[in-house]
Amino acid sequence: MGLFIAQLLTGLANAAGLFLVASGLSLIFGVTRIVNFAHGSFYMLGAFIGYSLMQVLPGFFGFWASVLLAGVAVGLIGVIVEICVLRPVYKAPELFQLVATFGVILVIQDLALMTWGAVDVLGPRVPGLKGIVRVLGEPVPQYDLALIALTPFVLFALWYLISKTRIGILVRAATQDREMVGALGVNQAWLFTGVFFLGAALAGIGGAIQLPKGGADLLMDFNILAAIFVVVVIGGMGSLPGAYIAAVLISVLNVFGVTYIPQSTLVLMFVVMAVVLMVKPYGLLGREEVAGEHGQVGEPERPFKPAGTQGRLLVGGLLAILAFVPLFGSSFLSVLVSDVLIFCLFAASLHFILGLGGLVSFGHAAYFGGGAYVAALLVSTVGAPMEVAFLLAPVGACLGAVIIGWLCIRLTGVYFAMLTMAFAQLLWSLVFQWDEFTGGDDGLVDIWPAPWLSGTTAYYYLTLVVGVGGIIFLRHMAHTPFGYALRASRDSKRQAEATGIHTKRIQWAAFAFAGAMAGLAGSLFVFSKGSIFPTELEIARSFDALIVIFLGGVKTLSGAVVGGASLEFVKDFLTRFEYWRLTLGLLIIVVVILAPDGIVGSLRKFGERLGVLRGVEN
Amino acid sequence: MLECETINSFYGKAHILNDLSFSVGAGAVVSLLGRNGAGKTTTMKSIMQIVKPKTGRVRFLGQEIVGQPTHRVAKMGLGYVPEERRIFTDLTILENLEVGRQPARDGGVEWTNEMVFKIFPNLEERQNNLGKALSGGEQQMLTIARTLMGNPKLLLLDEPSEGIAPVIVEQMATTILKLKAEGVTVLISEQNLHFARIVADRAIIIEGGSMKFDGTFSELDEQPDIRDGYLSV
Ligand SMILES: Nc1ncnc2c1ncn2[C@@H]1O[C@H](COP(=O)(O)OP(=O)(O)OP(=O)(O)O)[C@@H](O)[C@H]1O
Ligand SMILES: [Mg+2]
């Protein structure tokens, strides 16, 4: 019993930091509708800045002053980010801003590395709260009890601010209709900046306050990201009490999970989220999200047309060049180009559901990595011939997508995105932990192509044919009745249903199809590398594809491919330098600001303005 | 008080307002008439700078407002009541009024909750209800009340009678006349000539984003071809 209570208390104490960070994220999303990926970075900065301050401010009061000052400092950094990076892109299509915040993550990572170095720092213990208290005989740190006592006050203060003050009323009004708030004489730009300050400050305080329980390191930005998104989604996006309940739920379950089912730790929160979302599609205390109700749909897209002659010639010329790569380039170049082609196919498959279907998946790597694992397992466990494994991989990925799609497709918007991510994470942890079967962390190796395809050149041509063929096939599908129905389901569900389209079924089919194509890319991938590791299933892999689609242009057919190719080549070049993240991050931010329609979309607009590009689609 | 001079507004490439010019004098109630799609809403949005006119000038109390942010235009004393009402459905009536509240500007009236409740008694009864729990007519009252809380000198009312029961339309007419008596200038967009005639001193008719008529109602009655040509009576 004593142990049980002690663990419960540990869970509650852990929930304090998690809640602070998540509530900031929830606030920012609630008002600005921005999915702020950089929130984990704010948390990390809070920890490092807090640590540095604690070195100079001694004693009990020094500690708490450091925590608050860290919050203020991070809040100001948030203000800089909001004004410089986000303001220019508020009008961009929904979710586009997440690409900008992704750039911010990279920039902050390198800035933190420059400032604090690559060593992990251990948090100081708090003077006056260093001891332990015995609860039913079990030791509980005093600091944990302080955190538990503090959190309800923070929750209350935030709740009061949002529901009772004029600022809070304006913020809630702006959440619903910012243009109208402006028409009533309120400068909503500063309201947004204020919310960003508060949200970032909360993340910073969260980072500083957990120092005595942990420390600070350069991985903590990504490490907390999944957890805070899970908390916000379980609680219901924009709901503070919801975030608190969810933070407590996750933290407490986690403490018990570690003790009783240690294998569960990697997935526990995702399982909880999946269960909650299947029962309550908008989280525990969330409210229904109506697409476009926040005036963020952007201008209507122009119709896709089959490529004109000019476009075909361009693509033909490009293909001809690609066909000559192995003859004239180095084998290094062949490998690089195949990598890019495979990644482009993967991104294009995500674009099919995201661009045409409006289904933002945060877990598309599940089908890419899933397909790769299917092929690898067929080869390594039953000794299937490469050709068979190669073809069965997309089938396996498709099956997975059929099942997961069936579970996810009921949800919409961010909730859909989060549930797809949860399942991808489930798959990842399954692969990661099932050592005997999947090799776990060590992956599966020696997965080579059949003899007639081995050798860089032969495999290069396979990649070229299958990769380009897959991309063209995806593009072709956009112009079939299936593609039209998919777009109709995205744009106007009601009207589509009135014309007899079963929208959910169409979306489900599209999800499965995109899964199959991602599986095909995975299949190409595994035989080109000869091995596969769980990293190919990670959230980061899913985000890679997501980012390039937005960079290339969501509303264009070639956006995914152009974005994918540009990013891969730029990355290949930049990673040779020390602070490549900083450069890449700044580059992404610049592209986002200068080209809010993505590279292709903005080039097209620019071309049209010059009058050269009439008649040519993207 | 308000002068629009050859404004041209666009949605993307679509040219909606075509060299539109008119003015509204202090204390007047002017009606902006025209069929569906004539450009009435666009005119109002172009005044509020929600739609930014590409060319042309809009002067309010002698100051140029084209290019100013919407919130600043509102702060100068322009109150906008949009056609779609756009009340904050997740906020209570009192909170909706709070969003609209602005400090009084030099010497003008300062509207309070009590004052708007006197005009719209229905709202007082439901002051703690959420916006989404209101009927269409109550929502219409709330949008007007909310805008009044900003102490506007000029009120832009976009089709206040649309989709409201005849009884309430009558109430609305009384309200507008009351506001006029309080010294508020009103520009009201309408399709309903009958309603416009009751509340307004002057009629401006637009079609395809261009001015077709500007004068009193008796002048309009002398030109039935214009009246019947540009309005669906
Ligand atoms: N957001 C928009 N994008 C493109 N065109 C628009 C948009 N809003 C209005 N229009 C077009 O502008 C023209 C004028 O519209 P406006 O809303 O100003 O008309 P209105 O006179 O207010 O009509 P109603 O009486 O129906 O409210 C119409 O042809 C309409 O189709
Ligand atoms: Mg209108």
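For a quick check: sort A:T381, A:T420, A:T175 by the number of other beta carbons within 10 angstrom, fewest at the front. Let's see the in-between values first.
Working: A:T381 11, A:T420 27, A:T175 23.
Result, fewest neighbours first: A:T381, A:T175, A:T420.
Enumerate the whole-percent occupancy of each 10 Å bin, from 0 to the last occupied one, for all C-alpha pair distances of chain B.
Per 10 Å bin, starting at zero, the Cα-Cα P(r) for chain B comes out as 8, 33, 37, 19, 3 percent.
Need one word for region A:310-550: rounded, prolate or oblate. Basis is the Cα gyration tensor (sqrt eigenvalues a ≥ b ≥ c); a/c below 1.5 gives rounded, then a/b vs b/c decides. Don't jump to the answer; show the numbers that get you there.
Numbers: a/c = 2.11, a/b = 1.25, b/c = 1.69.
Verdict is oblate for region A:310-550.
Just to check, using Stokes-Einstein with a Kirkwood Rh over alpha carbon pairs, what's the diffusion coefficient of region A:169-291 at 37 °C and 0.692 mPa s in µm²/s? Walk me through the numbers before you get to the answer.
On the way: Rh = 16.5 Å.
This corresponds to a translational diffusion coefficient of 199 µm²/s.
At 222 nm, what value in deg cm²/dmol follows for chain B if DSSP H runs of at least 4 each add -39500 (n - 2.57) and the sum is divided by all its residues, to the nearest 500?
On the way: 10 runs with 84 residues, N = 233.
Result for chain B: -10000 deg cm²/dmol, rounded to the nearest 500.
If you take the beta carbon distance between B:K132 and A:V382 as r and set R0 to 60 Å, what does 1/(1 + (r/R0)^6) give as a FRET efficiency, to the nearest 0.05?
On the way: r = 59 Å, r/R0 = 0.98.
Working from the Cβ atoms, E equals 0.55.
How far is helix A:365-382 tilted, in degrees, relative to the longest principal axis of the Cα atoms in chain A, given as a value from 0 to 90 rounded to the nearest 10?
The two axes meet at around 70 degrees.
Of B:T89, B:T147, B:T185, which is the most mobile in a GNM of chain B whose springs link Cα atoms less than 10 angstrom apart?
Among B:T89, B:T147, B:T185, the largest mean-square fluctuation in the Gaussian network model of chain B belongs to B:T89.
For chain B, what is the percent of antiparallel DSSP beta bridges, rounded to the nearest 5?
On the way: 20 of 38 bridges.
Close to 55 percent.
Provide the packing ranking of A:519-532, A:51-64, i.e. peptides ordered by the mean count of other C-beta atoms within 10 Å per residue, highest first.
Working: A:519-532: 26.0, A:51-64: 15.4.
Ranked by mean Cβ neighbours within 10 Å, highest first: A:519-532, A:51-64.
Could you run the Karplus curve 6.51 cos²θ - 1.76 cosθ + 1.60 with θ = phi - 60° over region A:24-41 and give me ³J(HN,Hα) per residue in whole Hz, x for Gly and Pro?
Couplings: x, 5, 5, 4, 4, 5, x, 8, 8, 6, 9, 7, 8, 5, 6, 5, x, 5 Hz.
Please enumerate, by chain and number, the lysines with C-alpha under 28 Å from the C-alpha of A:K213, excluding those fewer than 8 residues away in the same chain.
Leaving aside lysines fewer than 8 places away in the same chain, those within reach of A:K213 are A:K130.
Read phi for every residue in region B:69-81 and hand back ³J(HN,Hα) as whole Hz from Karplus 6.51 cos²θ - 1.76 cosθ + 1.60, θ = phi - 60°, with x for Gly and Pro.
Running phi through 6.51 cos²θ - 1.76 cosθ + 1.60 with θ = phi - 60° gives x, 3, 5, 6, 4, 5, 4, 5, x, 9, x, 10, 10 Hz.
Connecting C-alpha atoms closer than 10 Å in a GNM of chain B, tell me which of B:K13, B:K180, B:K54 has the biggest fluctuation.
Taking springs between Cα atoms under 10 Å, the residue moving most is B:K13.
Considering only C-alpha atoms, what is the centroid distance from region A:561-585 to region A:1-75, in Å?
Result: 32 Å between the Cα centres.
Under 1.5 on a/c is rounded, so check that first for the protein assembly as shown, then, if it is not, pick prolate when a/b is larger than b/c and oblate when it is not; a ≥ b ≥ c are the square roots of the alpha carbon gyration tensor eigenvalues. If you can, show how the numbers build up before the last one.
Details: a/c = 2.23, a/b = 1.38, b/c = 1.61.
Cα axes put the protein assembly as shown in the oblate bin.
Taking H as built 1.01 Å from N, whose amide H comes closer than 5 Å to the amide H of A:G215, not counting residues under 5 places away?
A:G123
With only Lys, Arg, Asp and Glu charged, each at its Cβ (+1 for the first two, -1 for the last two), find how big the charge dipole of chain A is about the Cα centre; round to the nearest 20 debye. Provide the component values of the computation, followed by the final result.
Numbers: 34 positive and 33 negative charges, 318 e Å.
Here the size comes out at about 1520 debye.
Can you tell me the 0 to 90 degree angle between the C-alpha axis of helix A:331-351 and the longest principal axis of chain A, rounded to 10?
70
Which of rounded, prolate or oblate describes region A:2-253 when judged by the alpha-carbon gyration tensor and an a/c cut-off of 1.5?
Working: a/c = 1.93, a/b = 1.46, b/c = 1.32.
Here region A:2-253 falls in the prolate category.
Are any of the pairs B:K45/B:K75; B:K13/B:K75; A:K91/B:K52 more than 19 Å apart by Cα-Cα distance, and if so, which? Please list the in-between numbers first.
On the way: B:K45/B:K75 15 Å; B:K13/B:K75 30 Å; A:K91/B:K52 15 Å.
The answer is B:K13/B:K75.
Which angle between 0 and 90 degrees, to the nearest 10, do you get for helix A:220-235 versus the longest principal axis of chain A when only C-alpha atoms count?
Relative to chain A, helix A:220-235 is tipped by roughly 80 degrees.
Please name which of A:A375, B:P121, B:A173 has its Cα lying farthest along the dipole of the protein assembly as shown towards the positive end, using unit charges on Cβ (Lys, Arg +1; Asp, Glu -1) and the Cα centre as origin.
Of the candidates, B:A173 comes out farthest on the positive side.
Ranking B:E207, B:E159, A:E578 by Cβ neighbours within 10 Å, fewest first, what do you get? Mind dumping the intermediate values first?
Details: B:E207 18, B:E159 22, A:E578 11.
Ranking B:E207, B:E159, A:E578 by Cβ neighbours within 10 Å, fewest first, gives A:E578, B:E207, B:E159.
With θ taken as phi - 60° and the coefficients 6.51, -1.76 and 1.60, list the Karplus ³J(HN,Hα) couplings across region B:12-26 in order, rounded to whole Hz; mark glycine and proline as x.
x, 9, 6, 7, 9, 9, 10, 6, 7, 9, 6, 9, 10, x, 4
Cut-off 10 angstrom, C-alpha nodes, Gaussian network model of chain B. Which of B:A74, B:A181, B:A203 fluctuates the most?
Comparing B:A74, B:A181, B:A203 in the GNM, the peak value goes to B:A181.
Considering just Cα atoms, how many Å³ per residue does the convex hull of region A:458-507 enclose?
Values: hull volume 3.4 nm³, N = 50.
About 68 Å³ per residue, rounded to a whole number.
Under a crude label model (7 Å from the Cα following the beta-carbon direction), how far is A:V258 from B:E114 in nanometres?
Once both label points are built, they end up 6.0 nm from each other.
How are the Cα pair distances of region B:16-78 distributed, in percent, across 5 Å bins from 0?
Per 5 Å bin, starting at zero, the Cα-Cα P(r) for region B:16-78 comes out as 4, 16, 28, 26, 19, 6, 0 percent.
I need the fraction of alpha carbon pairs in region A:428-548 separated by more than 20 Å, rounded to a whole percent.
Details: 4305 of 7260 pairs.
Here the long-distance tail beyond 20 Å is 59 percent of all Cα pairs in region A:428-548.
Roughly what % antiparallel, to the nearest 5, for the DSSP beta bridges in the protein assembly as shown? Walk me through the numbers on the way to the answer.
Details: 28 of 46 bridges.
Taking every DSSP beta bridge within the protein assembly as shown, about 60 percent pair in antiparallel fashion.
Each value in this text was obtained by applying a stated rule to the coordinates, not by laboratory testing. In this text, all values refer to a predicted model and were calculated from it rather than measured experimentally. We place every Cβ from the backbone using ideal geometry, glycine too, and count neighbours over all the protein chains shown.
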